[in-house]
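Structure first, commentary second.
The values are calculated or read from the model by the stated rules, or taken from the named source; none is laboratory data. None of these values were measured; they are calculated from a predicted model. Note: ideal-geometry Cβ built from the backbone for every residue, glycine included; neighbour counts use all protein chains shown. Accessible surface is based on the protein model in full, side chains and every heavy atom, while ligands, DNA and RNA are left aside. Shrake-Rupley method; radii C 1.70, N 1.55, O 1.52, S 1.80 Å.
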Amino acid sequence: MLNHIKQFANYKTPFYWYDMGLLQETLQVVKNESEKYGFQVHYAIKANANEPILNMIQSFGFGADCVSGNEIQAAIDSNFSPEKIVFAGVGKSDDEILLGLDNSIFCFNVESIPELQVINELASKVGTKAQVALRINPNVNASTHHYITTGLEENKFGINMWEMEAVLSRLETSDSINLIGLHFHIGSQITDLQSFKSLCVRINEIQQWFYSREIIVDHINVGGGLGINYSSPDKELIPDFASYFKLFNDFLETRPKQKVHFELGRAIVGQCGSLISKVLYIKKGVQTNFAIIDAGMTELIRPALYQSVHKIQNLSSNLIEQKYDVVGPICESSDSFGKSLMLPETKRGDLIAVRSAGAYGEVMSSQYNLRTKAMAYYSGTPNKSK
Ligand SMILES: *Cc1c(COP(=O)(O)O)cnc(C)c1O
């Protein structure tokens, strides 16, 4: 990364920088490891929807996991095949459902009985059948930040098992719906593979429940959530996809001809992006100094929203390390990238890299304080903005 410092020197900060070589290597590993078991991977577009990134992911033959109509449109615009598009979300609007039907997407991941009813009505109205998977709340704790755990009964996501009899009777009268699968997603930034093992065990039980009612679906979608190493990104630029997929192959009991689907976002794009910023001021504090940089929570909200830690690097200095609170310019105290960080002596004008910002970074940026939207640059195509 430090090799690129000269290349960065002329760009207006802050900006996102994406290492497309790393993305390509990561995608190759995902492809090799998932194909060993015949698994189908869908990229979760909400992690990063930049066109060059979507194009590269699409070129590997992966599907797309969408959570809005505009994401479905972005997937189609980037040539993702509609037969590989899945559509999740607790609040799909009528227009979004119609867009999905119009494009004959592979599957709607349905999260409630009322949604089932609306999809059935809309599909019937336009004279088509909707392929549907039930998003089931497996009640598995993902041991991650409570804002990004989604598989507990108290969460708004998915259908709970105690409602399933009612769902099945609703399906019997839903002539414009084909039940093709079961869907699960327990949360994000999960680094303990035990959580995924618990998910497999739970899915096996749930499949047994359906089996005893003579229901076998063709597709099991286990969602995403594989985490990345934020504290030491260089030690693990590519997550351990081999162990991840092997675990599902070892513990998930599939029926003959059942296909297993994944929806990965963060693990695919997280490490390939950095937010590059410039130091505006060094300000004396009581215990530490503040390094005030020109990027803030408007460009990367994860530290403020999830108390997440990103590795911070000074790309311009190799002087003796000192303690800094690295903060942004936004008028909010939560606009901080880290307290008491050890960084080489830092001065105005130094370039700072906030690492592992490829997922849920640029897509979550805002224009709060009427900030200018940061540009994006891609390695290999240095002057191409998005
Ligand atoms: C966000 C999301 C994903 C992707 O999660 P990652 O942690 O980025 O892998 C997958 N499936 C659903 C339903 C989601 O909402």
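Just a few scattered comments:
- DSSP beta bridges in the chain [antiparallel fraction, %, rounded to 5]: 40 percent
- Put simply, the amide H of THR191, placed in the peptide plane, has neighbours under 5 Å in GLY227, leaving out anything fewer than 5 places away on its chain.
- Using a probe of 1.4 Å on the protein chains alone, the accessible area found for LEU305 is around 60 Å².
- Calculated [222 nm] ellipticity per residue, helices only, for the chain: -8000 deg cm²/dmol; basis is -39500 (n - 2.57) per DSSP H run with n ≥ 4, divided by all residues, nearest 500.
- Derived scalar couplings between HN and Hα for the range 240-247 equal 7, 5, 4, 5, 4, 5, 4, 4 Hz in order, rounded to whole Hz, by the Karplus curve 6.51 cos²θ - 1.76 cosθ + 1.60 (θ = phi - 60°), x for Gly and Pro.
- 3J(HN,Hα) from dihedral phi, the range 34-41, Karplus parametrisation 6.51/-1.76/1.60, rounded to Hz, x for glycine, proline: 6, 5, 3, 10, x, 7, 9, 9
- A dipole drawn for the range 20-270 from +1 and -1 charges on Cβ atoms has a positive end, and of ASN178, ILE228, ASN70 the residue lying farthest that way is ILE228.
- The modelled label-to-label distance for the pair GLU172/LEU370, using points 7 Å beyond Cα in the direction of Cβ, is 6.2 nm.
- The stretch between ASP234 and SER124 holds 34.4 nm of extra length on full extension. This uses 0.36 nm per residue minus the Cα-Cα distance.
- Each part reduced to its alpha carbon centroid, the range 72-95 and the range 307-386 end up 32 Å apart.
- Among the listed pairs LYS46/LYS311; LYS283/LYS373; LYS84/LYS259; LYS235/LYS347; LYS12/LYS373, those with a Cα-Cα distance over 18 Å are LYS46/LYS311; LYS283/LYS373; LYS235/LYS347.
- Residue ranges 54-65, 265-276 sort as 265-276, 54-65 when ordered by packing (mean number of other C-beta atoms within 10 Å per residue, highest first).
- Per residue, the chain exposes an accessible area of 44 Å² to a 1.4 Å probe, with every protein chain left in place.
- About the centre of its Cα atoms, the range 270-338 shows a dipole size close to 160 debye [charges on the beta carbon of Lys, Arg (+1) and Asp, Glu (-1) only; nearest 20 debye].
- Dipole magnitude of the range 20-270 about its Cα centre (Cβ charges: Lys, Arg +1; Asp, Glu -1), debye to nearest 20: 420 debye
- Just the protein heavy atoms count here, and of the accessible area of the range 20-270 at 1.4 Å, carbon and sulfur take up 46 percent.
- Translational diffusion coefficient (Stokes-Einstein; Kirkwood radius from C-alpha pairs) of the chain at 4 °C, 1.567 mPa s, in µm²/s: 59 µm²/s
- Model label zone, GLU332; criterion: amide N under 12 Å from point 7 Å along Cα-to-beta-carbon; scope the range 293-321: 296-307
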